[in-house]
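The values are calculated or read from the model by the stated rules, or taken from the named source; none is laboratory data. This one's a predicted model, so the numbers in the text were calculated from it and none came from an experiment. Cβ: placed from backbone, ideal geometry, glycine included. Neighbour counts: every protein chain shown. Only protein heavy atoms, including side chains, enter the accessible area calculation; ligands, DNA and RNA are left aside. Shrake-Rupley method; radii C 1.70, N 1.55, O 1.52, S 1.80 Å.
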Amino acid sequence: MTVLETLSEHGAFGGVQGFYRHASTAIGLPMKFGVYRPPQALAGARVPALVWLAGLTCTEETFAIKAGAQRAAADLGLMLVTPDTSPRDTGTAGADASWDFGHGAGFYLDATQAPWAARWRMESYVTLELPELLAAHFPWQRERLGLFGHSMGGHGALTLALRHPGMFASVSAFAPVAAPMQCPWGVKAFTNYLGADRSAWAAHDATELLRSGARAPALLVDQGLADKFLDEQLKIDAFEAACREAGQPLTLRRHAGYDHGYFFIASFVEDHLRFHARALAT
């Protein structure tokens, strides 16, 4: 069994918010993640788990500190899991050269190009290693697993659900990078992580995955209309059209006056938790 190092634990709404570190076999380096155990878990119940994939520059702490989700998670009996966004302290040349690539910007895929392929294996980490950690160390009700995320993490939530059918019983996103092949963030990441072959890119683009026949559980997506990244980076209209053409169930809510940050997420995170709780209860 993988050994977990407890970095800190904090009482919150009758449960415990903890942060942990372990030696990752997928990444080949130590990785950190957070887990909020609701009071039902502390009382001995096995509970559904909801994994949050954070955005560019974020860490395992960002959502836990900023989103204000623990109160609703305690009421609903949901365990919240927050992995880091990339490997850290890799010593890889160029990994800290820009804020939107490298450290803090794993894009939730397994890189195929040197030097990134050695450590940037976030798809394997989230879909293979992390569930095994939860099963071994936390009171997770196995097979009751949901996934959501923000921005780059919204991209991750959508693509991982589409690429791994049946793994996630519920999926949602805030302001996702929904068609990364069409935006600067995605082109930069895919060129470096995956190489020049755009067919390899399409396998990690939610809009293209829908066009190729992939499907996910019914989706909830929230998008702020004051988001400065909306037009250039997120491409939510293209994703909505792909869902409509594919018959993919989607509830897309557009919100006037909301930007890309955590005030937006905190405003609607309870809606997402209740959405997931309903799906994970069936």
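Please work out if Glu123 is among the charged types (D, E, K, R), at pLDDT below 95 and surrounded by fewer than 24 Cβ atoms within 10 Å (Cβ to Cβ). No, not satisfied. Summed over segment 216-274, the residues that are in contact with a helix residue (DSSP H, G or I) (Cβ under 8 Å, 6 or more places away or on another chain) and acidic (Asp, Glu) give a count of 5.
Tell me whether segment 269-281 contains one or more residues that are part of a loop (DSSP other than H, G, I, E, B) and buried (at least 19 other Cβ atoms within 10 Å of the Cβ). No; the residues of segment 269-281 include none that is part of a loop (DSSP other than H, G, I, E, B) and buried (at least 19 other Cβ atoms within 10 Å of the Cβ).
Looking only at segment 233-261, which residues are over 30 Å from Gln141 (Cα atoms), open to solvent by less than 40 Å² (accessible area, probe 1.4 Å) and either of a type in the set (A, V, I, L, M) or at pLDDT below 95 (or both)? Across segment 233-261, the qualifying residues are Leu234, Ile236, Ala238, Ala241, Ala242, Ala246. Evaluated against (1) without any contact (Cβ under 8 Å) to a residue 60 or more places away in the chain; (2) of a type outside the set (D, E, K, R); (3) open to solvent by less than 80 Å² (accessible area, probe 1.4 Å), Phe264 falls short on exactly one condition, (1). Applying the selection to segment 45-93, what residues are in contact (Cβ under 8 Å) with a residue 12 or more places away in the chain, closer than 26 Å to Thr25 by Cα, among the small types (Gly, Ala, Ser) and open to solvent by 10 Å² or more (accessible area, probe 1.4 Å)? Passing the criteria: Ala64, Ala93. Of all positions in segment 24-35, none carries a residue that is more than 20 Å from the chain's Cα centre (by Cα), within 17 Å of Phe63 (Cα to Cα) and of a type outside the set (Asp, Glu).
Inspection of segment 109-116 identifies no residue that is over 18 Å from Leu194 (Cα atoms) and buried (at least 20 other Cβ atoms within 10 Å of the Cβ). When Asp84, Asp75 are checked against the criterion of being closer than 24 Å to Ala173 by Cβ, over 20 Å from the mean Cα position of the chain (by Cα), modelled with pLDDT of 95 or more and not small (Gly, Ala, Ser), Asp75 stands alone in meeting it. Residues of segment 1-44 being surrounded by fewer than 17 Cβ atoms within 10 Å (Cβ to Cβ), of a type in the set (A, V, I, L, M, F, W, C) and touching a helix residue (DSSP H, G or I) at 6+ places or on another chain (Cβ under 9 Å), which ones? Residues satisfying the conditions are Met1, Phe13.
Residue-by-condition table, conditions (1) surrounded by fewer than 16 Cβ atoms within 10 Å (Cβ to Cβ); (2) farther than 27 Å from Thr112 by Cα; (3) in contact with a strand residue (DSSP E or B) (Cβ under 9 Å, 6 or more places away or on another chain):
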| site | (1), (2), (3) |
| --- | --- |
| Leu158 | no, no, yes |
| Cys183 | no, no, no |
| Lys188 | no, no, yes |
| Asn192 | no, no, yes |
| Asp197 | yes, no, no |
| Ala200 | yes, no, no |
| Arg211 | yes, no, no |
| Lys228 | yes, yes, no |
| Asp231 | yes, yes, no |
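In a helix (DSSP H, G or I) and either in contact (Cβ under 8 Å) with a residue 12 or more places away in the chain or open to solvent by less than 10 Å² (accessible area, probe 1.4 Å) (or both), is that true of Ala136? So Ala136 passes the test. Scanning segment 101-133 for residues that are in contact with a Lys or Arg (Cβ under 8 Å, 6 or more places away or on another chain) and part of a strand (DSSP E or B) yields Phe101, Asp110.
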